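Colleague: My questions all concern the structure below.
Throughout, read-outs are computed from the coordinates displayed, never taken from laboratory work. All figures in this text were calculated on a predicted structure; none of them were measured in a lab. As a convention, Cβ positions derive from the backbone with ideal geometry for all residues, glycine included, and neighbour counts pool all protein chains shown.
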Amino acid sequence: MSTFSFLLETIPVVIFLLILLRMKKVVTQFSLKNYFTLENAKNIRLIGWLVISIFLIQDLIIEYIFPFFNSISATVYQPEIVKLLEQMSFKLFLGIFLLGIGIAFELGLKQQQENELTI
């Protein structure tokens with residue numbers, strides 16, 4: 001069980017490194033003045049999904065679900081709802097916001113392509 005919990009706790013670190021790589025790609029494209037590209041939109045949406053997955057793994061599975069199944073004693077498990085809501089309000093909303101930004105980039109790219117075709 002301890003190797004499983006260690007492996008489960010290292011997954012968010014790997015996901016965070018993936019987020020940093022994707023952010024580097026987006027910032028590089030921005031510095032080249034390539035703002036509305038399909039690659040940027042996909043990278044921003046992927047960053048949003050990765051932030052949401054870190055929330056699910058780190059804040060729900062590791063902190064609330066895994067200890068529930070791991071406890072051998074007969075004590076009653078009481079999750080801290082306020083702490084969970086605080087974490088949700090940051091990571092989950094950040095992920096959803098990034099998903100929205102990615103969709104906005106895609107829509108902006110489509111609009112730009114349509115404008116170029118009509119001129």
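Colleague: Provide the FRET efficiency to the nearest 0.05 for the E116-W49 pair, computing r from the beta carbons and using R0 = 25 Å. Walk me through the intermediate numbers first.
Modeller: Values: r = 30 Å, r/R0 = 1.19.
Step by step, r from the Cβ atoms, then E = 0.25.
Colleague: So what is log10(I(q)/I(0)) for segment 3-117 at q = 0.23 1/Å, when the Debye sum runs over its Cα atoms only?
Modeller: At q = 0.23 Å⁻¹ the computed log10 ratios are -1.22.
Colleague: Just to confirm a number: summing +1 for Lys and Arg and -1 for Asp and Glu over residues other than L109 whose beta-carbon lies under 11 angstrom from that of L109, what do you get?
Modeller: Values: positive: K42, K110; negative: E39, E106, E114, E116.
Local charge sum for L109: -2.
Colleague: Taking a cut-off of 20 Å between Cα atoms, list the aspartates and glutamates near K24, but don't count ones fewer than 8 places away on the same chain.
Modeller: Excluding near neighbours in sequence, the set is E39, E106.
Colleague: Lysines near K25 by alpha-carbon distance under 30 Å, same-chain residues fewer than 8 away left out - which ones?
Modeller: K33, K42, K91, K110
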